[in-house]
1. Once every DSSP H run of n ≥ 4 in chain A is given -39500 (n - 2.57) and the sum is divided by its residues, what mean residue ellipticity at 222 nm do you get, rounded to the nearest 500 deg cm²/dmol?
2. Would you mind getting me the FRET efficiency between A:N261 and A:R223? Use the beta-carbon distance for r and R0 = 51 Å, nearest 0.05.
3. What's the extension gain from A:K84 to A:K354 if we count 0.36 nm per residue and subtract their Cα-Cα distance?
4. With each label point set 7 Å from Cα along the Cα-Cβ vector, what nm distance links A:T27 and A:T466?
5. Give A:K281/A:K430; A:K103/A:K151; A:K177/A:K392 a once-over and call out the pairs whose C-alpha atoms are over 18 Å from each other.
6. How big is the charge dipole of the stretch A:3-59 about its Cα centre, in debye rounded to the nearest 20, if each Lys and Arg gets +1 on its Cβ and each Asp and Glu gets -1 on its Cβ?
7. With the crude spin-label approximation of a point 7 Å out along Cα→Cβ, what separation in nm comes out for A:D316 versus B:A148?
8. Rounded to a whole number, what is D in µm²/s for the protein assembly as shown from Stokes-Einstein with the Kirkwood radius over alpha-carbon pairs (37 °C, 0.692 mPa s)?
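Only the coordinates and a few stated rules stand behind these numbers; no lab work does. Here the structure is a predicted model, which is why all the values come from computation and not from measurement. No Cβ is skipped: glycine too gets one built from the backbone with ideal geometry, and neighbour counts run over all protein chains shown.
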Amino acid sequence: MDKLVINDLTFRYKNSGPDIIQNLDFTLQPGTFNVLYGPSGCGKSTLMKIIAGLYPEFSGHVTSGKMYIDSEDVDNWSTQDFSKHVAFLFQNPNDQFSMTTVKREFIFTLENLGMPVEEIEATIDRSLKRVGILGFKDRQLDTLSGGELQKVSLAITLAMDSDLIMLDEPFACIDIKSRKQLLELLKDLQENDHKTILVTDHDLMGYQEIVDALYHFNKGQVRPVLDPEKVFATYQKENRQLLFEKPGNGVESIIDLHELNLQNGTKSLINSASVDVFKGKMILLTGENGTGKSTLFSALTRLHNYHGSIKYLKKDILKYNQRKYARYVGLIFQDSQMQYLKLTVEDEIKLSLKHTNYPDFWTDETIEDYLKQLNLDQLKDHVVYQLSGGQKKKLQIFEMLILGDPVLLMDEPLAGLDLHSTKTVMKLIKEVASEQELTVLMISHQLGGLQDFFDYHLQLKDQCLTYTEVLNYESIS
Amino acid sequence: MNPSLKLGLVLIISFELAFMQSVIANLIVAGLGLIYLILKRVSPKKILWMLVVSIIPVFGTWFSFYTHGAGDAMHSAWLLSTRIYAYIFLGGILSYTGTVDELLGSLEQNCHLPSKFVYGTLGAFNFAPRVVLTVKQMKTAAMMRGEALHVWSPEIFFKSILISLRWSDNLSQAMVSHGFNETTTRTHYDTFAIPWWNWPVAGICLVGLQFLAFSGLF
């Protein structure tokens, strides 16, 4: 008996719009580990939301096709029927929860399913124990990191007893160590609890040993990959050790941190860090999930309180006029939409051109040329909020580069971008940064394809910030 | 006391208070409210805060009625200013002696409020800390792009609406993905019963209130 059968499925968001999914056929065998890969923005998330029963309930229209889960026609299923059979982990783990603590979320979920009250406590304990996070039971959800939230989500799917677990780009914001742990956990659930697992990812690192079937999503259709080794090989090659120089003595600094202490609630993140950020350099900032990389960026942009001193060009950042300082140190937010102020792609770019520090550099031809490279040239009249995740990211990075602020902080700008887009974006950043002598500090978990782009590597580990020469990230596979 | 019953009682008292013409009744309600807060071990800081914050509106009300009031200006001035204190402590009872979770849970079980409303509201309350942070981020993000957002800028409203829409969509998808469905029956981990003694207490409060209302006190 097949776990999931989809026949001839066609889906579109708007009645008049294009088909995102076109006459798609897809079958999953029970108790298998499946990976679906494809470029960003191709419709992988859409397909998953359809399987989870969220679409067309929340958005879009299914214009043709049939879907069967455990050989049952799902046409008349309620959302609750879906949730008993299919568990779905969102791309952004923060979006998964509606209550405040781990326990409350569990209770909410189990009450929804009508579980008798006397079984609830034991079910929570059993599920948390299975995932190895019993200690999280009374934690507030907003104090957990992305990786920890994913584990809580998984534990909840166990409590719900759904047999098909789907994860949508689960590692986009997760460090290598958590990624490895989660993959091991998923494999364990598949082998010992006979769960059927379906993961979408654009990065196939670490999957080779554990998948049973690999599928490729392209142009609205899913095809099984018959020679997965070949595909995996191309992904493995990208993954090596990254080598960096160590900053020499003669390099000028632009931001100086002195005895910096950062906290998140009561948790200490950075303890007495004294380090310089060097002018005109591209610096990669790495560190495990929840170590405080994003919080450091918030402190640098005056969005988070800190102890100690942060100086920009030898002057305390708190002494600058707020508006002026915002144009010295810019931040590319993890959430692209935070950056937008206008409605269409064209207006967004115009706004950046109005305030650019390098009006001579950004001629119409240069803009057009870069837009083509980014595959955004056909989307000028599109509403920014309706772009795909990858397109939003690309536009966001581009418009911040046009502004040409002396320091640009980038928080996971490559999350959700496929290998090809990553390279295009990195090339763009490198070109513009060297042309305009920008200082770039970038957080990235995605390290594939980053060779030769960065001057230095700043590591956040054990609450300390240090420049290191070697960054290993191969250990995963 | 059961949160729903407490809410009902506070609402009835507040409503009747609005029509009562007695300074002493106001003071008695405010005093009883204060005693209840103290008995419930609400922190002295919070109680002090309620007293301090209200000084300006109380004094303002008193002064404007005293100087511009028609008829018995003195009585009106004291009546309106003491009424503020009565309301503040009644509000304090609702805010400080119970949580939103308890109130909504009780309304769902005791008053049969639709679960969609209860959990939707609860989810929205859980978003509150994010709202403050997001507004700050929105302003900074705009400054980084060379634009200043003010309270009157259309962009800030536009962005707020967009973000709210996204949040509400996310929230409902999060709830549904964890099995929420308004039409099916759910179980209740925390149960809210109305203990028998709640009824006589509520009754005594209401009867006492009628005495205050119709006894013609100053």
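1. On the way: 13 runs with 151 residues, N = 477.
After summing the helix terms and dividing by the residues of chain A, the value is -9500 deg cm²/dmol.
2. So the FRET efficiency works out to roughly 0.45.
3. 91.9 nm
4. The modelled label-to-label distance comes out at 5.6 nm.
5. A:K177/A:K392
6. Taking the Cα centre of the stretch A:3-59 as origin, the dipole is about 160 debye.
7. 2.3 nm
8. Numbers: Rh = 28.6 Å.
Translational diffusion coefficient: 115 µm²/s.
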